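To keep things clear, I will list the structure first and then write my remarks on it.
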Amino acid sequence: MAEFTYVAMNEAGKQVKGNVLAENEALALEKLRLQDLYPTKLVPANIFNREIDLTIGKVVSSRDLSVFCRQFVSMLSAGITIVTALEMLADQTENKHLARALRKVQEDIMQGETLADAMRKHKKIFPELMINMVTAGEAAGKLDVTFSRMADHFEKAEKTEGMMKKAAIYPVMVAVVALVVVVIMLIKVVPSYADMFASMDVEMPGITLAVMKASDFMTHYWYVLLAIIVLVVMGSKAYKNTEDGKMAAGRMAISIPLFGKLNVKTISSLTARTLSTLIYSGMPLVDALRLTGRAVGNELYKKALNQAVVDVREGMTLSSSLKKSGLYPPMVSHMIGIGEETGELEDMLTKLADYYDTEVEMTTQTVMAALEPMIILIMAALVGIIIAACMAPMISLYSNMGNL
(Lines give C-alpha, C1' and ligand atoms only; values in the text may rest on other atoms or scores of the structure.)
Protein backbone atom coordinates (compact mmCIF):
# COMPACT_ATOMS: atom_id res chain seq x y z
CA MET A 1 0.00 0.00 0.00
CA ALA A 2 1.38 3.41 -1.00
CA GLU A 3 1.25 6.70 0.88
CA PHE A 4 0.17 9.93 -0.80
CA THR A 5 0.49 13.51 0.38
CA TYR A 6 -2.46 15.75 -0.47
CA VAL A 7 -3.64 19.34 -0.35
CA ALA A 8 -7.44 19.56 -0.48
CA MET A 9 -10.43 21.81 0.13
CA ASN A 10 -13.19 20.72 2.50
CA GLU A 11 -16.88 21.60 2.26
CA ALA A 12 -16.31 24.76 4.29
CA GLY A 13 -13.78 25.95 1.72
CA LYS A 14 -10.87 25.49 4.12
CA GLN A 15 -7.55 24.14 2.86
CA VAL A 16 -6.34 20.98 4.62
CA LYS A 17 -3.16 18.94 4.25
CA GLY A 18 -2.31 15.38 5.14
CA ASN A 19 -1.33 11.89 4.09
CA VAL A 20 -3.52 9.03 2.91
CA LEU A 21 -2.79 5.32 2.40
CA ALA A 22 -4.14 3.63 -0.73
CA GLU A 23 -3.24 1.01 -3.34
CA ASN A 24 -2.98 3.62 -6.06
CA GLU A 25 -3.73 7.25 -6.87
CA ALA A 26 -7.28 6.55 -8.03
CA LEU A 27 -8.20 4.82 -4.75
CA ALA A 28 -6.53 7.65 -2.82
CA LEU A 29 -8.74 10.16 -4.63
CA GLU A 30 -11.80 8.03 -3.85
CA LYS A 31 -10.90 7.90 -0.15
CA LEU A 32 -10.56 11.66 -0.01
CA ARG A 33 -13.86 12.24 -1.80
CA LEU A 34 -15.62 9.93 0.65
CA GLN A 35 -14.40 12.32 3.34
CA ASP A 36 -15.82 15.27 1.34
CA LEU A 37 -12.30 16.48 0.55
CA TYR A 38 -11.55 17.83 -2.91
CA PRO A 39 -7.82 17.48 -3.71
CA THR A 40 -5.96 20.27 -5.46
CA LYS A 41 -2.71 18.34 -5.17
CA LEU A 42 -2.01 14.62 -4.76
CA VAL A 43 1.50 13.22 -5.06
CA PRO A 44 3.34 10.16 -3.74
CA ALA A 45 4.75 10.87 -0.29
CA ASN A 46 8.52 11.15 0.04
CA ILE A 47 11.03 12.51 2.54
CA PHE A 48 10.60 16.04 1.21
CA ASN A 49 6.80 16.38 1.16
CA ARG A 50 5.60 13.92 3.83
CA GLU A 51 4.14 15.58 6.90
CA ILE A 52 6.57 14.66 9.65
CA ASP A 53 5.63 15.02 13.31
CA LEU A 54 8.62 16.52 15.13
CA THR A 55 6.67 17.42 18.26
CA ILE A 56 8.27 16.20 21.49
CA GLY A 57 6.13 15.36 24.50
CA LYS A 58 2.43 16.01 24.86
CA VAL A 59 0.97 17.01 21.48
CA VAL A 60 -2.65 17.37 22.63
CA SER A 61 -3.48 19.23 25.82
CA SER A 62 -6.21 18.42 28.32
CA ARG A 63 -8.04 21.51 27.09
CA ASP A 64 -8.02 20.23 23.50
CA LEU A 65 -9.45 16.91 24.66
CA SER A 66 -12.11 18.52 26.86
CA VAL A 67 -13.29 20.74 23.98
CA PHE A 68 -13.31 17.75 21.61
CA CYS A 69 -15.37 15.63 24.05
CA ARG A 70 -17.85 18.43 24.75
CA GLN A 71 -18.40 19.17 21.04
CA PHE A 72 -18.65 15.46 20.23
CA VAL A 73 -21.41 15.05 22.83
CA SER A 74 -23.32 18.03 21.42
CA MET A 75 -23.16 16.58 17.90
CA LEU A 76 -24.27 13.12 18.97
CA SER A 77 -27.16 14.64 20.94
CA ALA A 78 -28.20 16.54 17.80
CA GLY A 79 -28.49 13.24 15.91
CA ILE A 80 -25.30 13.62 13.87
CA THR A 81 -23.57 10.35 13.04
CA ILE A 82 -20.14 9.56 14.49
CA VAL A 83 -18.47 9.69 11.06
CA THR A 84 -19.91 13.12 10.26
CA ALA A 85 -19.16 14.41 13.75
CA LEU A 86 -15.52 13.38 13.45
CA GLU A 87 -15.25 15.10 10.07
CA MET A 88 -16.73 18.32 11.42
CA LEU A 89 -14.49 18.26 14.49
CA ALA A 90 -11.39 17.60 12.38
CA ASP A 91 -12.20 20.72 10.35
CA GLN A 92 -12.87 22.84 13.45
CA THR A 93 -9.98 21.95 15.75
CA GLU A 94 -6.91 24.19 15.71
CA ASN A 95 -4.60 21.39 16.84
CA LYS A 96 -3.23 19.86 13.65
CA HIS A 97 -2.18 16.63 15.40
CA LEU A 98 -5.68 16.07 16.76
CA ALA A 99 -7.23 16.98 13.40
CA ARG A 100 -5.02 14.50 11.57
CA ALA A 101 -5.85 11.74 14.07
CA LEU A 102 -9.59 12.42 13.83
CA ARG A 103 -9.52 12.09 10.04
CA LYS A 104 -7.71 8.76 10.30
CA VAL A 105 -10.15 7.57 12.97
CA GLN A 106 -13.03 8.56 10.69
CA GLU A 107 -11.46 6.62 7.84
CA ASP A 108 -11.02 3.50 9.99
CA ILE A 109 -14.63 3.66 11.22
CA MET A 110 -15.85 3.86 7.63
CA GLN A 111 -13.94 0.63 7.02
CA GLY A 112 -15.81 -1.09 9.85
CA GLU A 113 -13.69 -0.58 12.95
CA THR A 114 -15.11 0.53 16.30
CA LEU A 115 -14.38 4.01 17.61
CA ALA A 116 -12.22 2.65 20.44
CA ASP A 117 -10.17 0.43 18.12
CA ALA A 118 -9.62 3.32 15.72
CA MET A 119 -8.54 5.64 18.56
CA ARG A 120 -6.20 2.98 19.96
CA LYS A 121 -3.99 3.43 16.87
CA HIS A 122 -3.22 6.99 18.03
CA LYS A 123 -2.07 6.58 21.62
CA LYS A 124 0.04 9.74 21.43
CA ILE A 125 -3.15 11.70 20.82
CA PHE A 126 -5.78 9.86 22.89
CA PRO A 127 -4.84 8.88 26.47
CA GLU A 128 -5.23 5.28 27.59
CA LEU A 129 -7.89 6.42 30.04
CA MET A 130 -9.97 7.85 27.20
CA ILE A 131 -9.62 4.77 24.99
CA ASN A 132 -10.70 2.43 27.79
CA MET A 133 -13.69 4.60 28.61
CA VAL A 134 -14.78 4.68 24.96
CA THR A 135 -14.52 0.88 24.89
CA ALA A 136 -16.77 0.63 27.95
CA GLY A 137 -19.14 3.28 26.59
CA GLU A 138 -19.57 1.48 23.28
CA ALA A 139 -20.19 -1.83 25.06
CA ALA A 140 -22.81 -0.25 27.35
CA GLY A 141 -24.45 1.76 24.58
CA LYS A 142 -23.97 5.08 26.37
CA LEU A 143 -21.22 6.73 24.34
CA ASP A 144 -22.67 10.24 24.73
CA VAL A 145 -22.72 9.94 28.53
CA THR A 146 -19.15 8.61 28.51
CA PHE A 147 -17.86 11.55 26.45
CA SER A 148 -19.71 13.99 28.69
CA ARG A 149 -18.01 12.46 31.71
CA MET A 150 -14.63 12.63 29.98
CA ALA A 151 -15.19 16.30 29.14
CA ASP A 152 -15.65 17.02 32.84
CA HIS A 153 -12.56 14.97 33.67
CA PHE A 154 -10.30 16.75 31.17
CA GLU A 155 -11.63 20.17 32.17
CA LYS A 156 -10.72 19.48 35.80
CA ALA A 157 -7.35 18.09 34.74
CA GLU A 158 -6.63 21.20 32.65
CA LYS A 159 -7.46 23.44 35.61
CA THR A 160 -5.17 21.46 37.93
CA GLU A 161 -2.34 21.47 35.37
CA GLY A 162 -2.73 25.22 34.99
CA MET A 163 -2.43 25.80 38.73
CA MET A 164 0.67 23.59 38.95
CA LYS A 165 2.30 25.48 36.08
CA LYS A 166 1.42 28.78 37.73
CA ALA A 167 3.11 27.64 40.93
CA ALA A 168 6.26 26.53 39.09
CA ILE A 169 6.73 29.22 36.43
CA TYR A 170 7.38 32.16 38.80
CA PRO A 171 10.29 30.63 40.75
CA VAL A 172 11.79 29.26 37.54
CA MET A 173 11.70 32.65 35.81
CA VAL A 174 13.12 34.49 38.82
CA ALA A 175 15.84 31.85 39.24
CA VAL A 176 16.82 32.25 35.57
CA VAL A 177 16.97 36.04 35.93
CA ALA A 178 19.04 35.72 39.12
CA LEU A 179 21.44 33.31 37.42
CA VAL A 180 21.88 35.62 34.42
CA VAL A 181 22.55 38.61 36.71
CA VAL A 182 25.13 36.67 38.74
CA VAL A 183 26.88 35.36 35.62
CA ILE A 184 27.06 38.85 34.07
CA MET A 185 28.49 40.29 37.29
CA LEU A 186 31.10 37.52 37.52
CA ILE A 187 32.12 37.84 33.87
CA LYS A 188 31.93 41.63 33.36
CA VAL A 189 31.86 43.49 36.68
CA VAL A 190 34.23 41.52 38.92
CA PRO A 191 37.14 41.34 36.38
CA SER A 192 37.16 45.15 36.06
CA TYR A 193 37.51 45.45 39.83
CA ALA A 194 40.14 42.69 39.88
CA ASP A 195 42.45 44.77 37.65
CA MET A 196 42.06 47.71 40.01
CA PHE A 197 42.69 45.59 43.10
CA ALA A 198 45.89 44.18 41.57
CA SER A 199 47.43 47.66 41.60
CA MET A 200 46.51 48.24 45.25
CA ASP A 201 48.88 47.40 48.06
CA VAL A 202 46.18 45.96 50.26
CA GLU A 203 45.42 42.50 51.59
CA MET A 204 42.35 41.03 49.95
CA PRO A 205 39.56 39.85 52.26
CA GLY A 206 38.55 36.19 52.00
CA ILE A 207 35.18 36.97 50.41
CA THR A 208 36.90 39.00 47.67
CA LEU A 209 39.40 36.25 46.92
CA ALA A 210 36.63 33.67 46.71
CA VAL A 211 34.53 35.79 44.32
CA MET A 212 37.58 36.63 42.19
CA LYS A 213 38.47 32.94 41.87
CA ALA A 214 34.88 32.16 40.89
CA SER A 215 34.99 34.95 38.31
CA ASP A 216 38.33 33.71 36.93
CA PHE A 217 36.99 30.17 36.64
CA MET A 218 33.79 31.37 34.98
CA THR A 219 35.74 33.52 32.49
CA HIS A 220 38.50 31.13 31.50
CA TYR A 221 37.08 27.68 32.21
CA TRP A 222 33.41 28.15 31.36
CA TYR A 223 33.52 25.09 29.10
CA VAL A 224 34.43 22.91 32.09
CA LEU A 225 31.43 24.25 33.98
CA LEU A 226 29.23 23.67 30.94
CA ALA A 227 30.53 20.10 30.62
CA ILE A 228 29.82 19.45 34.30
CA ILE A 229 26.27 20.77 33.93
CA VAL A 230 25.65 18.62 30.83
CA LEU A 231 27.03 15.52 32.56
CA VAL A 232 24.92 16.15 35.67
CA VAL A 233 21.75 16.63 33.57
CA MET A 234 22.40 13.54 31.45
CA GLY A 235 23.31 11.48 34.51
CA SER A 236 20.17 12.63 36.34
CA LYS A 237 17.98 11.71 33.37
CA ALA A 238 19.62 8.31 33.03
CA TYR A 239 19.20 7.62 36.76
CA LYS A 240 15.61 8.85 36.69
CA ASN A 241 14.78 6.21 34.07
CA THR A 242 15.92 3.41 36.38
CA GLU A 243 13.61 1.79 38.94
CA ASP A 244 15.57 3.28 41.87
CA GLY A 245 15.62 6.66 40.15
CA LYS A 246 11.87 6.68 39.63
CA MET A 247 11.30 5.84 43.28
CA ALA A 248 13.77 8.52 44.40
CA ALA A 249 12.07 11.10 42.17
CA GLY A 250 8.70 10.07 43.57
CA ARG A 251 9.90 10.48 47.16
CA MET A 252 11.49 13.84 46.36
CA ALA A 253 8.30 15.12 44.73
CA ILE A 254 6.27 14.65 47.92
CA SER A 255 8.96 15.66 50.42
CA ILE A 256 10.42 18.81 48.84
CA PRO A 257 9.61 21.90 50.97
CA LEU A 258 6.50 23.87 49.98
CA PHE A 259 5.85 21.81 46.84
CA GLY A 260 5.60 18.45 48.64
CA LYS A 261 2.14 19.05 50.10
CA LEU A 262 0.97 20.54 46.82
CA ASN A 263 2.07 17.43 44.92
CA VAL A 264 0.36 15.09 47.42
CA LYS A 265 -2.93 16.97 47.10
CA THR A 266 -2.64 17.06 43.31
CA ILE A 267 -2.07 13.30 43.15
CA SER A 268 -4.96 12.71 45.56
CA SER A 269 -7.26 14.74 43.31
CA LEU A 270 -6.05 12.93 40.18
CA THR A 271 -6.46 9.51 41.80
CA ALA A 272 -9.99 10.20 42.97
CA ARG A 273 -11.08 11.84 39.70
CA THR A 274 -9.66 9.08 37.50
CA LEU A 275 -11.06 6.25 39.64
CA SER A 276 -14.49 7.90 39.72
CA THR A 277 -14.51 8.36 35.93
CA LEU A 278 -13.44 4.78 35.22
CA ILE A 279 -15.85 3.20 37.71
CA TYR A 280 -18.68 5.29 36.26
CA SER A 281 -17.90 3.90 32.80
CA GLY A 282 -18.47 0.38 34.14
CA MET A 283 -14.85 -0.70 34.50
CA PRO A 284 -14.13 -3.20 37.33
CA LEU A 285 -12.39 -1.67 40.35
CA VAL A 286 -9.16 -3.68 39.95
CA ASP A 287 -8.81 -2.63 36.32
CA ALA A 288 -9.60 0.99 37.23
CA LEU A 289 -6.92 0.92 39.94
CA ARG A 290 -4.31 -0.46 37.55
CA LEU A 291 -5.09 2.19 34.94
CA THR A 292 -5.14 4.95 37.57
CA GLY A 293 -1.70 3.83 38.71
CA ARG A 294 -0.35 4.47 35.22
CA ALA A 295 -2.01 7.90 35.15
CA VAL A 296 -0.71 9.39 38.43
CA GLY A 297 2.86 9.82 37.16
CA ASN A 298 4.53 9.17 40.53
CA GLU A 299 6.23 5.79 40.94
CA LEU A 300 5.49 5.62 44.68
CA TYR A 301 1.77 6.04 44.13
CA LYS A 302 1.81 3.73 41.13
CA LYS A 303 3.30 1.03 43.33
CA ALA A 304 0.71 1.71 46.05
CA LEU A 305 -2.19 1.46 43.58
CA ASN A 306 -0.78 -1.74 42.06
CA GLN A 307 -0.58 -3.16 45.58
CA ALA A 308 -4.19 -2.06 46.07
CA VAL A 309 -5.12 -4.24 43.07
CA VAL A 310 -3.61 -7.25 44.87
CA ASP A 311 -5.21 -6.31 48.20
CA VAL A 312 -8.69 -5.81 46.71
CA ARG A 313 -8.48 -9.16 44.92
CA GLU A 314 -7.64 -10.79 48.27
CA GLY A 315 -10.70 -9.24 49.93
CA MET A 316 -9.27 -6.10 51.52
CA THR A 317 -11.19 -2.86 51.12
CA LEU A 318 -9.70 -0.12 48.97
CA SER A 319 -9.72 2.33 51.87
CA SER A 320 -7.72 -0.08 54.05
CA SER A 321 -5.17 -0.68 51.30
CA LEU A 322 -4.61 3.04 50.64
CA LYS A 323 -4.39 3.73 54.38
CA LYS A 324 -1.78 0.97 54.69
CA SER A 325 0.39 2.63 52.02
CA GLY A 326 0.78 5.75 54.17
CA LEU A 327 1.02 7.95 51.07
CA TYR A 328 -2.45 9.44 50.88
CA PRO A 329 -3.85 11.93 53.42
CA PRO A 330 -6.26 10.43 56.02
CA MET A 331 -9.16 12.21 54.30
CA VAL A 332 -8.75 9.97 51.23
CA SER A 333 -9.05 6.62 53.00
CA HIS A 334 -11.78 7.97 55.30
CA MET A 335 -14.08 9.19 52.51
CA ILE A 336 -13.42 6.13 50.34
CA GLY A 337 -14.32 3.98 53.35
CA ILE A 338 -17.64 5.80 53.69
CA GLY A 339 -18.30 5.31 49.99
CA GLU A 340 -17.61 1.58 50.28
CA GLU A 341 -19.93 1.23 53.28
CA THR A 342 -22.80 3.14 51.64
CA GLY A 343 -22.33 1.62 48.19
CA GLU A 344 -21.73 5.08 46.67
CA LEU A 345 -18.01 4.84 46.00
CA GLU A 346 -18.20 6.67 42.67
CA ASP A 347 -20.04 9.69 44.11
CA MET A 348 -17.74 9.83 47.12
CA LEU A 349 -14.67 9.76 44.85
CA THR A 350 -16.10 12.66 42.84
CA LYS A 351 -16.66 14.68 46.03
CA LEU A 352 -13.16 13.80 47.18
CA ALA A 353 -11.70 15.00 43.88
CA ASP A 354 -13.66 18.27 44.12
CA TYR A 355 -12.40 18.76 47.68
CA TYR A 356 -8.77 18.30 46.69
CA ASP A 357 -9.18 20.50 43.61
CA THR A 358 -10.07 23.31 46.02
CA GLU A 359 -7.17 22.33 48.28
CA VAL A 360 -4.75 22.43 45.34
CA GLU A 361 -5.92 25.92 44.43
CA MET A 362 -5.54 27.20 48.00
CA THR A 363 -2.16 25.51 48.47
CA THR A 364 -0.92 26.96 45.17
CA GLN A 365 -1.75 30.47 46.41
CA THR A 366 0.04 29.74 49.69
CA VAL A 367 3.13 28.44 47.89
CA MET A 368 3.23 31.49 45.63
CA ALA A 369 2.90 33.85 48.61
CA ALA A 370 5.78 32.08 50.39
CA LEU A 371 8.05 31.83 47.35
CA GLU A 372 8.01 35.49 46.31
CA PRO A 373 9.85 36.96 49.33
CA MET A 374 12.08 33.86 49.63
CA ILE A 375 13.33 34.12 46.05
CA ILE A 376 13.85 37.87 46.34
CA LEU A 377 15.93 37.34 49.50
CA ILE A 378 18.06 34.64 47.83
CA MET A 379 18.63 36.82 44.77
CA ALA A 380 19.50 39.82 46.97
CA ALA A 381 21.93 37.67 48.97
CA LEU A 382 23.77 36.47 45.85
CA VAL A 383 24.11 39.96 44.40
CA GLY A 384 24.97 41.33 47.84
CA ILE A 385 27.86 38.88 48.23
CA ILE A 386 29.38 40.00 44.93
CA ILE A 387 28.93 43.68 45.79
CA ALA A 388 30.45 43.12 49.23
CA ALA A 389 33.41 41.33 47.65
CA CYS A 390 34.01 44.32 45.37
CA MET A 391 33.63 46.93 48.13
CA ALA A 392 35.59 45.18 50.90
CA PRO A 393 39.10 45.95 49.53
CA MET A 394 38.16 49.58 48.94
CA ILE A 395 36.85 49.93 52.48
CA SER A 396 39.99 48.28 53.79
CA LEU A 397 42.17 50.67 51.74
CA TYR A 398 40.32 53.74 53.00
CA SER A 399 40.69 52.49 56.58
CA ASN A 400 44.46 52.08 56.14
CA MET A 401 44.71 55.58 54.63
CA GLY A 402 42.86 56.98 57.66
CA ASN A 403 45.31 55.39 60.01
CA LEU A 404 48.30 57.05 58.32
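If R0 equals 35 Å, the separation of the Cβ atoms of Lys121 and Met316 corresponds to a calculated FRET efficiency of about 0.40.
What is the chain's relative contact order, in percent, from Cα pairs under 8 angstrom and six or more apart in sequence? Mind dumping the intermediate values first?
Values: 415 pairs, mean separation 57.2, N = 404.
RCO, the chain: 14 percent.
Here Ile256 and Leu382 are evaluated by their C-beta separation; at R0 = 25 Å the FRET efficiency comes out at 0.75.
What FRET efficiency, computed as 1/(1 + (r/R0)^6) with R0 = 22 Å and r the Cβ-Cβ distance, is obtained for Val233 and Ala168, rounded to the nearest 0.05?
Working: r = 18 Å, r/R0 = 0.81.
E(calc), rounded to 0.05, equals 0.80.
Within the set of other residues whose C-beta is less than 14 Å from the C-beta of Met75, count the net charge using Lys and Arg as +1 and Asp and Glu as -1. All intermediate terms of the calculation are to be shown ahead of the outcome.
Details: positive: Arg70; negative: Glu87, Asp91, Asp144.
Combined, the nearby Lys, Arg, Asp and Glu give -2.
Here the gap between Glu138 and Lys17, fully extended at 0.36 nm per residue and compared with their Cα-Cα distance, gives a gain of 40.5 nm.
For the Cα atoms of the chain, what angle does the longest principal axis make with the long axis of helix 206-220, in degrees from 0 to 90, nearest 10? Roughly 50 degrees between the two axes. For the range 61-189, with all protein chains in place and a probe radius of 1.4 Å, 60% of the accessible heavy-atom surface sits on carbon or sulfur.
Report the extension gain between Val7 and Lys213 in nm, rounded to one decimal, defined as 0.36 nm multiplied by the number of residues separating them, less their alpha carbon distance. Kindly include the intermediate steps, with their values, before the conclusion.
Numbers: separation 206, 0.36 × 206 = 74.16 nm, distance 6.12 nm.
This chain segment gains 68.0 nm when fully extended.
Pairs of lysines 8 or more apart, or on different chains, with alpha carbons under 20 Å: count those in the range 68-208, would you? Lysine pairs meeting both conditions in the range 68-208 amount to 9.
Tell me the relative contact order for the range 180-263 as a rounded percent, counting alpha carbon contacts under 8 Å between residues six or more apart.
Working: 30 pairs, mean separation 16.8, N = 84.
Normalised by residue count, the contact order of the range 180-263 is 20 percent.
Could you tell me whether the chain comes out rounded, prolate or oblate from its Cα gyration tensor? Rule is a ≥ b ≥ c as square roots of the eigenvalues, rounded for a/c under 1.5, then prolate if a/b exceeds b/c, otherwise oblate.
Details: a/c = 3.00, a/b = 1.60, b/c = 1.88.
Oblate.
Loop-only GluC sites (Glu not before Pro) in the range 235-319, please: DSSP not H, G, I, E or B, and at most 14 other Cβ atoms within 10 Å. For GluC sites (Glu not before Pro) across the range 235-319 that sit outside H, G, I, E and B with at most 14 neighbouring Cβ atoms in 10 Å, the list reads Glu314. Computed with a 1.4 Å probe over protein heavy atoms only, the accessible area of Leu42 comes to about 30 Å².
Probe radius 1.4 Å, ligands and nucleic acids left out: which of Ile279, Ile336 has the largest accessible area, and how do the rest follow?
Values: Ile279 40, Ile336 5 Å².
Accessible-area ranking of Ile279, Ile336, largest first: Ile279, Ile336.
Percentage of Cα-Cα pair distances in the range 89-214 greater than 26 Å, rounded to whole percent?
On the way: 4240 of 7875 pairs.
Within the range 89-214, distances greater than 26 Å cover 54 percent of Cα pairs.
So what is the accessible area of the range 316-391 per residue, in Å², with the probe set to 1.4 Å? Walk me through the intermediate numbers first.
Values: 3970 Å² over 76 residues.
Value for the range 316-391: 52 Å² per residue.
The values are calculated or read from the model by the stated rules, or taken from the named source; none is laboratory data. All figures in this text were calculated on a predicted structure; none of them were measured in a lab. Please note: Cβ atoms are built from the backbone with ideal geometry, for glycine as well, and neighbour counts cover all protein chains shown. In case anyone asks, the SASA skips ligands and DNA or RNA and just uses the protein heavy atoms, side chains included. Shrake-Rupley method; radii C 1.70, N 1.55, O 1.52, S 1.80 Å.
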